[in-house]
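As structure tokens, the structure follows; a few thoughts come after it.
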Amino acid sequence: MTFLEKIRCLFTFGQGVALSLPEFDDASDPIALFDTWFNDANKSGILLPEAVSVSTCSKDGQPSSRMVLMKSFDERGFVFYTNYGSRKSHELEDNQKVALLLHWNVLQRQVRIEGTVEKTTLEESANYFNSRDRGSKVGAWASKQSQQLTHPNELKERVKQFEQEFSGKDVPHPEFWGGWRVKPHYMEFWQGRTSRLHDRLCFEKNDQTNNDWQTFKLHP
Ligand SMILES: Cc1cc2nc3c(=O)[nH]c(=O)nc-3n(C[C@H](O)[C@H](O)[C@H](O)COP(=O)(O)O)c2cc1C
Ligand SMILES: Cc1ncc(COP(=O)(O)O)c(C=O)c1O
């Protein structure tokens with residue numbers, strides 16, 4: 001992002017577009033467009049541009065959302081890592097349909113993603129886990145994510161327990177911790193415009209086995 005673009009962002013915040021939109025036609029690839037927008041978000045200085053809301057749905061239809069950090073994306077989908085025993089993971093086991101939401105406020109941009117999940121391979125999860133700092137690795141062992149604490153010091157005590165258990169050794173990758181890959185079938189790029197006359201560029205595909213995206217625009 002150039003200095004001039006940053007200034008434009010500041011001055012147009014909340015009332016108009018700051019960045020130009022790329023050409024949009026039937027040949028457009030939403031992953032390439034996401035890549036461009038994600039780069040813009042990274043360059044804009046936004047804190048945690050990779051923070052994304054993940055919405056899951058329980059068996060009885062109760063939706064729930066929480067933030068995670070998106071650690072990678074490519075043609076295969078968008079990956080985040082978590083505890084496979086957590087609420088979100090249980091819900092994803094039961095119902096693979098998922099929605100992601102990113103909002104880059106200074107850029108007046110929102111991206112909506114809908115799709116289905118699959119687990120990352122054990123190798124992919126282990127590779128990512130091994131890249132984390134030691135404290136977060138121990139933390140992953142200690143946290144019974146989404147379960148109630150049985151007493152106020154339970155988490156602290158478990159951290160101590162695992163620090164002792166792995167003292168002087170590498171912290172191994174726990175099999176209960178790994179990635180979910182969201183395979184998109186709908187993506188929508190929202191760009192804020194003056195007078196709330198925003199752009200909504202949409203991509204949809206009916207067949208997960210190919211890369212044929214249909215494109216259309218929606219009223220704001
Ligand atoms: C900015 C941000 C990033 C987060 N990233 C992650 C993440 O990558 N993985 C994760 O398991 N939890 C992450 N969390 C915590 C989750 O929001 C959530 O509290 C936790 O995963 C438990 O959710 P669940 O009980 O619905 O499974 C993050 C929280 C915030 C605010
Ligand atoms: C519980 C939890 N797991 C994972 C993450 C994100 O992954 P990492 O710690 O590897 O950056 C976060 C980030 O806030 C988190 O809170």
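Structure notes:
- Solvent-accessible surface (1.4 angstrom probe) belonging to R181, in square angstrom, nearest 10: 10
- Of the residues P184, P172, P30, the one that moves most in a GNM of the chain with alpha-carbon contacts below 10 Å is P172.
- On the basis of the beta-carbon distance and an R0 of 25 Å, R200 and Q62 show a calculated FRET efficiency of 0.35.
- Additional length obtainable on full extension of the chain from R132 to K43, 0.36 nm per residue less Cα span: 29.7 nm
- Springs between Cα atoms under 10 Å define the GNM used for the chain, and in it the highest mean-square fluctuation of H151, H185, H198 occurs at H151.
- Solvent-accessible heavy-atom area per residue, rounded to whole Å², over the chain at 1.4 Å: 57
- Rolling a 1.4 Å probe across all protein chains gives H103 an accessible area of roughly 120 Å².
- Computed extension gain for N95 through D74, at 0.36 nm per residue and net of the alpha carbon distance, reaches 5.3 nm.
- Converting phi to 3J(HN,Hα) with the Karplus coefficients 6.51, -1.76 and 1.60 and the offset θ = phi - 60°, region 85-99 yields x, 6, 4, 4, 5, 4, 5, 6, 5, 6, 9, 7, 7, 8, 10 Hz in sequence order, with x at every glycine or proline.
- For the chain, the longest principal axis of the C-alpha atoms and the axis of helix 30-43 are separated by about 80°.
- Residue with peak Gaussian network fluctuation, the chain [Cα springs, cutoff 10 Å], from Q191, Q161, Q148: Q148
- Computed label-point distance, nm, for sites V159 and H219 using a 7 Å Cα→Cβ extension: 5.3
- Span from the region 173-196 Cα centroid across to the region 54-104 one, whole angstrom: 9
- Carbon plus sulfur fraction of accessible area for the chain, probe 1.4 Å, in percent: 51
- In this label model, L149 and A32 are separated by 5.0 nm, measuring between points 7 Å along each Cα→Cβ vector.
- Taking other residues whose beta carbon is less than 11 angstrom from the beta carbon of Y81, and scoring Lys, Arg as +1 and Asp, Glu as -1, yields +3.
- Counting only lysines at least 8 places from K156 when in the same chain, those with an alpha carbon closer than 23 Å to its own are K137, K144, K169.
- Rounded to the nearest 10 Å², the accessible area of D94 at probe 1.4 Å: 90
- Here K88 is the anchor, and the aspartates and glutamates within straight C-alpha reach of less than 19 Å, apart from those fewer than 8 places off in the same chain, are E50, D60, E114, E118, E175.
- Ellipsoid fit via the Cα gyration tensor, region 85-220: semi-axes of 39, 19, 14 Å, each the root of five times an eigenvalue, largest first.
- Hydrodynamic radius by Kirkwood, which averages 1/r over all alpha carbon pairs of region 84-132, in angstrom: 13.1
- With the convex hull of its Cα atoms as the shape, region 148-220 has an orientation-averaged projected area of 10.9 nm².
- Once the chymotrypsin sites (Phe, Trp or Tyr not before Pro) in DSSP loops with at most 16 neighbouring Cβ atoms within 10 Å are cut out of the chain, the longest remaining piece is 25-165.
- Between the Cα long axis of helix 122-131 and the first principal axis of the chain there is an angle of about 90°, rounded to the nearest 10.
The values are calculated or read from the model by the stated rules, or taken from the named source; none is laboratory data. Note that this is a predicted model, so its numbers are computed, not measured. Note that each Cβ is placed from the backbone with ideal geometry, even for glycine, and that neighbours are counted across all protein chains shown. Keep in mind that these areas ignore ligands, DNA and RNA; they rest on the heavy atoms of the full protein, side chains included. Shrake-Rupley method; radii C 1.70, N 1.55, O 1.52, S 1.80 Å.
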